[in-house]
Amino acid sequence: MESSRGQVTGGGTGGRPFSRRWFLGAGSASLFTAGLGTGLTACGSGGGAGGDGKTITAFVYGDDAVKVQQAGVDRFNKSAAAKKAGGTVKLQEVPGSDYSPKLRTAMGSPSAPDVFFNWGGGSIKPYEEAGKLVDLTDIIEGDPVLKSGFLPSVLASGDLGGRHYGIPMRGMQPVILFYNKAVFAEHKLQPPTTWDQLLDNNAKLKKARITPFALGGTDIWPDLMWLEYLVDRIGGPEVFKRIQDGDAEGWGDPAVLKAAELVKELIDDGAFGSKFTSVSYVNGGAPAVFARGKAAMHLMGSWEYSTQLGKFPDFAKKNLGWAAFPTVEGGTGDVRNVVGNPTNYWSINARTKNQDLAIGFLKDCASEAYAQALIDNGDVPTTSNAAALLSSAPNPEYAKFQYDMVEKAPAFTLSWDQALGDGLGTKMHTEIGKLFAGQSSPSEFVTACKGLK
Amino acid sequence: MTLTVDKRPTASARGSRAGRPHAAWALPGVLFFTFFAVVPMALALYLSFTSWDGLGDPRPVGLDNWKKLLDDPRMTQSLWLTVVLTVASWAFQTVVALLLGVWAAGRQRHRAVLSAIFFVPFLLSSTAIAILFYSLLDPNFGIIQKDTLGSQSGAFLAIVFVGGWQFIPFHTLIYQGGARQIPEVLYQAAAIDGAGRYRQFFSITLPQLRHTITTSTVLMVVGSLTYFETVLILTKGGPGTDTAILPYLMYEAGFKTYDFGYASAIASFLVIAATGLSLVLVRLTGFGTMRSTREGM
């Protein structure tokens, strides 16, 4: 449960494996789709976009937060809006690690979902290009509930070319610098606010034989978080924005090289210990190292809190501290900038037979009941009414920290792998993996990234 | 009259085709193979000449994917890693399975029990085995608290070892069967001639097992070429790209970067390579001529 949550930011990359049966099934399904073309879609069996239109299907990333979506579906199916649109919604839970490939295979098949969970931005770009998404811009503009229901920056983060294709449906997931309060107190340390302080802390921790940072290097996406924040702090959000907009030369920005060099220094200095390339976040390795005080800090998405609450409740309640990522001397990025996933979105398949029903369902995500369910689950909603609900969160202090962090952020950079989409994102992961494993130097990393297409 | 006509084919059937079943018996197998192997393979071959991201229709791109296959440095690295993995797995598995198989071909009762226990790993799914070893090798909480999977040599050895742990029982079984077929009189004759146990092993057992070795080798080589789950679970091709063998590269191209055209080219290449390799092996060892090991006896 918490491990699969970790993958929310990893974009479904890494994580638990596909079974052989799944692999073969998906492989042959896609091959058949290829051979037979998309003509089959129209006469597919019920449930999918080719269904009767009375029941529409929603694919959702299967993890602990699904209960919030399930409650939303149940509430909507009983509502007047559902009766008016003449149908119901059926939620289909897809195991987290299989989510992206399963969605991709299904979208080209007769059993395509009508509504589906995604990460916005690059993660839905291929679907937009293939004409499979409903452009929601005018619908949102014309609907008071949707128009004023969400934080505008979050709504915009999932955009493609300035058009909305998704409705926010989960909590915000900023990347936060977590620290172990007990270890910090014992060694008289403060959470670092500058890079020099961070290095200073590292030196003291290493002297005490404590690994400064836990890092799940096997999964690669925890490595990525370091680069995301460093590039932002050194060069500002514009550096990655340029890359995201399709200019591969953007990798040549000095901020990227500098960030890679700082990472390399940390690695060589032992800031992540000597075994991080075989430690995983997904299987609970890195969180355990952190909770047991073997590592003092952990740069991780906001779900780290619920991960620790699940696995090490005492640690989460007593000794888990959180702070913003420090500034880097000489850098131009605002210390208030945030990286991570603004949230997740629902998008609508253009092929759906009951668009009114789908839109009615999406509106439920702006309701107070939905936001309260997210709060109760330990998430911080991205709805405009969220601030008023924070005090009822399991840990109001933490919820408020997160909410303020996102609300006050001048820029919220979407996780690079999600922003670039699966194709480029995976290739970038490979290069990051090589950099962290010491197989390529910072300058080789930059050169390799410039060549990605 | 009719009776004699009816008898004729029966009589001729007693000749060369005696006791062989009618071709129709093969029909279910042939159909199954056609739908689930030949058709998908043909489709994959077709896809390898297209560019397809899994959405919309595949777009023909001619030989682009195959040219990329030749130029891609990752492909070169993968091919090399696959060759090394295949050779290392073959050496490890053959030596252990051959010795175990010959030992297990003995007739004492405790051997039967032990043989049954040895066979257990083969009954477990590859995924379960890989997850088990992944936990055992965890650098912080496993039984070997070393950075095993974080270094190339460590990760590689782990893959070879886990693969061996899983498949040695199967090959042991093959060798056990092969060794039990060796006529006892050969050993009796050798013993009379004063040959010791080692001499008997190298002069009788090993030559008599040569077809078994070929069979087992072909299975191992083809198996290594399609070795996938263990790599996916244990290392995900890492650290970096250090253990990204061909099937993993194919999976990554297909199901992570959604470049199904290129993935199909890699898949087709694997089919061609595996078929070619097994043909070469069979030819080189003289297995194809079906000469009996009992010739001249």
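The values are calculated or read from the model by the stated rules, or taken from the named source; none is laboratory data. All values derive from a computational prediction rather than experimental measurement. Note that each Cβ is placed from the backbone with ideal geometry, even for glycine, and that neighbours are counted across all protein chains shown. For accessibility, only protein heavy atoms count, side chains too; no ligands or nucleic acids. Shrake-Rupley method; radii C 1.70, N 1.55, O 1.52, S 1.80 Å.
A few points about this structure:
- For the stretch B:24-67, the relative contact order is 26 percent, taking Cα pairs closer than 8 Å that sit 6 or more residues apart in sequence and dividing their mean separation by the residue count.
- Calculated FRET efficiency, residue A:400 to residue A:274, Cβ-Cβ distance, R0 = 41 Å: about 0.65 to the nearest 0.05.
- Overall form of chain B per C-alpha gyration tensor (a/c, 1.5; a/b vs b/c): oblate
- Descending by average beta-carbon neighbour count within 10 Å, the peptides A:305-318, B:167-180 line up as B:167-180, A:305-318, the highest first.
- Remark: the residue B:30-residue B:283 segment gains 88.6 nm on full extension, using 0.36 nm per residue and subtracting the alpha carbon distance.
- Proximal charge balance of residue A:450 [Cβ under 14 Å; K/R count +1, D/E count -1]: -2
- Accessible surface of chain A [probe 1.4 Å, protein heavy atoms]: carbon and sulfur percent: 52
- Occluded residues from the stretch B:245-287, i.e. those whose accessible area drops by 30 Å² or more once the chain is not alone (1.4 Å probe): B:251, B:255, B:256, B:257, B:258
- Per-residue ellipticity at 222 nm, computed for the protein assembly as shown from helices alone with -39500 (n - 2.57) per DSSP H run of at least four residues, works out to -16500 deg cm²/dmol.
- The relative contact order of the stretch A:347-453, computed from alpha carbon pairs under 8 Å that lie at least 6 residues apart in sequence, is 12 percent.
- Using C-alpha pairs below 8 Å separated by at least 6 residues, the relative contact order for chain B is 27 percent.
- Given A:400/A:427; A:450/B:68; A:453/B:236, the pairs whose alpha carbons are separated by over 29 Å: A:400/A:427
- Protection proxy ranking for A:388-398, B:130-140, B:24-34, A:109-119, using the average of other Cβ atoms within 10 Å per residue and placing the highest first: A:109-119, B:130-140, A:388-398, B:24-34.
- Within chain B, helices built from complete DSSP H runs that reach 20 Å or longer along their own axis (Cα positions) and carry a mean Kyte-Doolittle hydropathy of -1.0 or higher are B:73-104, B:152-180, B:210-225, B:260-285.
- Point-to-point label distance, residue B:273-residue B:83, nm (Cα→Cβ direction, 7 Å offset): 1.0
- Inter-chain Cβ neighbour count for A:277-284, averaged per residue, equals 6 (cutoff 10 Å, partner chain atoms only).
- Shown for chain A are no DSSP H helices, since none reaches 27 Å along its axis, judged by Cα atoms, with a mean Kyte-Doolittle hydropathy of at least -0.5.
- For the protein assembly as shown, accessible area per residue (1.4 Å probe, heavy atoms of protein chains only), Å²: 43
- Radius of gyration over Kirkwood radius for the protein assembly as shown, both on Cα atoms: the Rg/Rh ratio is 1.04.
- Each chain gives up part of its surface: A and B jointly bury about 3800 Å² of accessible area, both sides summed, for a 1.4 Å probe.
- Residues of type lysines that residue A:147 reaches as a straight line, Cα spacing below 21 Å, ignoring anything fewer than 8 places off in the same chain: A:363, A:408
- Taken about its Cα centre, the protein assembly as shown carries a charge dipole of about 3320 debye when Lys and Arg each add +1 at the Cβ and Asp and Glu each add -1 at the Cβ.
- Rounded to 5, percent antiparallel among DSSP beta bridges of chain A: 55
- For the pair the stretch A:241-289 and the stretch A:403-453, the centres of their Cα atoms are 8 angstrom apart.
- Placing unit charges on the Cβ atoms of the charged side chains and taking the dipole of the stretch B:169-243 about its Cα centre, the candidate lying farthest along the positive direction among B:208, B:234, B:221 is B:208.
- Mean-position separation - Cα centroids, the stretch B:78-111 and the stretch B:212-266, in angstrom: 20
- Between the listed residues A:69, A:156, A:109, the Cα displaced farthest toward the positive end of the dipole of the stretch A:41-189, a dipole computed from Cβ unit charges relative to the Cα centre, is found at A:69.
- 5 angstrom amide H check on residue A:327, placed H, neighbours 5+ away: A:194, A:195
- Take the Cα of residue A:93, step 7 Å toward its Cβ, do the same at residue A:79, and the gap between the two points is 2.2 nm.
- Efficiency of FRET from Cβ geometry, residue A:207 and residue B:95, R₀ 51 Å, rounded to 0.05: 0.60
- Rounded, prolate or oblate (a/c below 1.5 giving rounded, otherwise prolate when a/b exceeds b/c) for the stretch B:141-297 by Cα gyration tensor: oblate
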